[in-house]
Amino acid sequence: MDYAKSLFWAACLLGAATGIDRAALADSLSATAPASIAPGPNLPVQSQAATGGSAPIILRLQYSGEAADNAIGGLHNGATYMNNILGQLTVNTDSAFGWPGGKFVLQAFYQNADSLDTQYVGALQDPSLIDTSGVAMYRLYQAYYQQILGNTDLLFGIYDLETEFGITRPMDIFFNGAYAWTTTLDQSGVNGPSTYPSTSLAFRVRQQIADHWSVQAAVLDGVPDSVKYPNINAVNINRTAGALLIAEADYTPTRTTKLMAGYWDYTGKFEELGEPGPDGIQRYVFGSSGGYIGGATRLYSQTARRGLDVFANLGIATAQTQQADRSLNLGVTYTGLLDARPIDRFGFAVGIAHAGSPYRQMQIASGSGVEVYETNFELTYRAPITRWLVVQPDIQYWINPNMDPTLKNDLLFMLHFEISHVFD
């Protein structure tokens, strides 16, 4: 697609040349600025931030576009364009009905069928958080009710787990799935965990137990939506699908520091990786589990809002049921690197996924080669241009995409932008 490549490079030059003065920056931080200015490019983080505010009814509309050029390596070279339209309605029951602490959230999206990962890159740690693997989707994304009762926070409905579990603020500007939470959790389950684009029915409880300590836990449908029909919503509650159970403890001693530890467990039925049994029949097991530890902190403060943050997260998972049994991500972000642009954010991160022994044995038994690690590097710069437009150029590089020795190391250039407005 030559038009997509031309659009990509033209937009990169436009973004590099665009400047705004301090008055415009101050205006972009006003109360009317859209919530998408603060968080990063991934929809779970944006969605969670956009549910804030005290207006009775808040409607948010956003168009996200990504022009990308897979310049070297992967499945094949070429350019493409992905786009996402997101609508979100939030009803605050306190200001709307006089019912304190309640909130209804309804979200839906459209995503086109072009895919960076399945058509161009072919990596385990996928390059875009709006990619739907080549399936065009009109989908219900989240639909839940949330109620706060003192130090207890309850939520029930269709829910994206990634909006609240396994995340820290410095991670949220990156596109690669390695930095959404941990690769081991991101790749878990029969149809993934309950996150974009496939979300499931859930009940979540969060409890503040001390000034700096909180715990949260959730039980969710173990197979979000449908593996066979990925473009429709479905709730499948049965023994084979099972449930996903997850719990996390958080320690937040300061506004810019968070430490977390979590454990997750699926109760459903999974194909066991590795060589088939002596009879040649595929073996199955019930259950797949894992955990993660990580956190983020401020290393240097230039002002209250500007400074250098660092994050790191380690994940582990059951090697018998999934390709990656260990993963590590770490990175740095700087808010306000340039004096003239104090709310821009710059980031660099590294994500490493380790292939479990059963997966490697299965690949060797089938006559395929296999690498032990896949490594991703990402460099990005997020620039709010106005209160309704955000532009973010991004570069990613993979070593051993999908642990497949037949795929060359991959270099990807991408330009992401968001056009959004909040009606309240």
> Of the residues that make up the stretch 94-106, is at least one surrounded by 17 or more Cβ atoms within 10 Å (Cβ to Cβ), in contact with a Phe, Trp or Tyr (Cβ under 6 Å, 6 or more places away or on another chain), modelled with pLDDT of 95 or more and within 16 Å of residue 160 (Cα to Cα)?
Replying inline: yes
>> Is it the case, given these coordinates, that residue 319 is in contact (Cβ under 8 Å) with a residue 12 or more places away in the chain, in a strand (DSSP E or B), surrounded by 17 or more Cβ atoms within 10 Å (Cβ to Cβ) and of a type in the set (Gly, Ala, Ser)?
In response: no
> Residues in the stretch 147-165: is at least one among the β-branched types (Val, Ile, Thr), surrounded by fewer than 24 Cβ atoms within 10 Å (Cβ to Cβ) and under 21 Å from residue 258 (Cα atoms)?
Replying inline: yes
> Got at least one residue in the stretch 107-123 being more than 18 Å from the chain's Cα centre (by Cα), farther than 30 Å from residue 74 by Cα and in a strand (DSSP E or B)?
Replying inline: no
> For residue 142, which of the numbered conditions (1) closer than 30 Å to residue 394 by Cα; (2) surrounded by fewer than 24 Cβ atoms within 10 Å (Cβ to Cβ) fails to hold?
Replying inline: (2)
> If you scan the stretch 72-98, which residues turn out to be without any contact (Cβ under 8 Å) to a residue 40 or more places away in the chain and at positive phi?
Replying inline: 98
> Of (1) modelled with pLDDT under 95; (2) under 11 Å from the mean Cα position of the chain (by Cα); (3) farther than 17 Å from residue 317 by Cβ, residue 181 satisfies all except one. Which?
Replying inline: (3)
>> Being in a strand (DSSP E or B), closer than 21 Å to residue 172 by Cβ and among the polar types (S, T, N, Q) is true for just one of 70, 84. Which residue is that?
In response: 84
> Do we have any residue at all in the stretch 327-340 that's among the acidic types (Asp, Glu) and assigned to a strand (DSSP E or B)?
Replying inline: no
>> Going by what's in this entry, would residue 382 be described as part of a strand (DSSP E or B), closer than 30 Å to residue 87 by Cα and among the basic types (Lys, Arg)?
In response: yes
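The values are calculated or read from the model by the stated rules, or taken from the named source; none is laboratory data. A quick note: this is a predicted structure, and the numbers were derived from the prediction, not measured. Note: ideal-geometry Cβ built from the backbone for every residue, glycine included; neighbour counts use all protein chains shown.
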